[in-house]
Structures are given as C-alpha cells and as structure tokens.
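Read the structure below first, then the notes.
What follows is calculated from the coordinates using simple rules that are stated; it is not laboratory data. Worth saying up front: this structure is predicted, and the values here are computed from it rather than measured. Positions of Cβ are backbone-derived with ideal geometry, glycine not excepted, and every protein chain shown enters the neighbour counts.
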Amino acid sequence: MTLAAPWIRAMQSAPAASPGELDAETLAECRAGSARALRLFVVRYQNVVFAYLSRTLGAGPHVEDLAQEVFLRACRGLARFDASGTARPSTWLLTIANRVVIDARRRRRPSAALLTDDIAAAAAGTPETEWRRSEIGHALAQAAAQLTDEQRDVFVLAEFHDLDTASIARVLGIREATAKTRLFRARERLRELLQTQREAL
C-alpha cells in the first residue's frame, strides 16, 4: 500500500479540524508513513486547506479534488519538511495549496462568489442586520472577483488566514516587500470597487 492511500481515506472521512499545529512527534510519524498520524495531519489541517482553495478559486465540488491534491503533494514532500525550522506546517501546506491554485487557474477562472460564505457565516443579529451583512458580503465577493489573482491571494492570506506579510511572502514565494505592495494595492482596489458599487445603487 502506498503512502497516498491513508491521505485519500482521511480526506473522505475526517471530522472537523482542531486548532493549533501538530507536534513534532506526530509529524515524524507522518514522515514514517503512519496511517494514524497521516489521518491526524489531514484532520488538523483540512479546514485551512479547504478554506484557502474556496476563497481563492470559489466554492464547488472541484475544491475536494484540489484539497486531495494538496495533501498528496504534502505526503510526497513531508520528508523534506523541517519540523524544527521557522515554517509552521499550516504555512507549508498553504504554500503547497498556492501551487495547486496556480495550476488550477491555468484551467479555469475563479467564481465571483469567493468570499460570500465567510461573510455570511459571520452575520448574526436581527433579520435586518443579517440582510445588510449579506448584501455587504455579496458586494465584497463581487469586488474580490475583480482583483487580479496576485492581489486576491495576498488579501485572502492576510484577512482570512491571519498571516503577516513575511508569512505571505513565504507562502507565495515572493519578497516581503512585494507582498506588502500587493496587499496595499488589493485593499486600495477593493475600496475603489466597493465605492463604485455604492455610487451605482
């Protein structure tokens, strides 16, 4: 049986992810091919991977296939991951997920509804406030769909995955100054697009 098999089974049946990073001992067991440890790895990080893929490419059935590809690539690359280094496993996985996103973008364009689910999940209160937040979420999703891929990636990593610019640069394989510039431009572009939408109402 190959190492890939436990990853596939875990992707199909894993429960909700737990917070925090996996410990070095469990990561070492993953590298050794332990099915139990590999399942723990998927359980711990599947939400991070699914969220990033959905926010950058749009939700849909394709996300499950792409998430599986992320974990399969991680399985093959775990031997090279330095658990004692500065990179956290979640950041390392986001780096792999970003490469999968780049490959997917060569085949399709992202959906306009990139961030709607995140805004809707945060909505609470009276029906009126929930409706208003839903409208804001829809406007933000439409605006985010008009960002360039580079701008959307840094925005998602900063605003929804809470990464600093150094970590964003590491995930995307760019200089930190470039990450800062792209994030600034993404936020400015979103402000412009949202302002245009308000004026059109």
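Label separation (Thr86 vs Glu21): 1.2 nm, computed from points 7 Å beyond Cα along the C-beta direction. In order along region 141-149, phi translates into HN-Hα couplings of 4, 5, 5, 4, 5, 8, 5, 5, 4 Hz, rounded to whole numbers, per the Karplus curve 6.51 cos²θ - 1.76 cosθ + 1.60 with θ = phi - 60° and x for Gly and Pro.
Quote the relative contact order of region 144-191 in percent (integer), defining contacts as alpha-carbon pairs under 8 Å separated by 6+ residues. Walk me through the numbers before you get to the answer.
Numbers: 37 pairs, mean separation 21.1, N = 48.
RCO, region 144-191: 44 percent.
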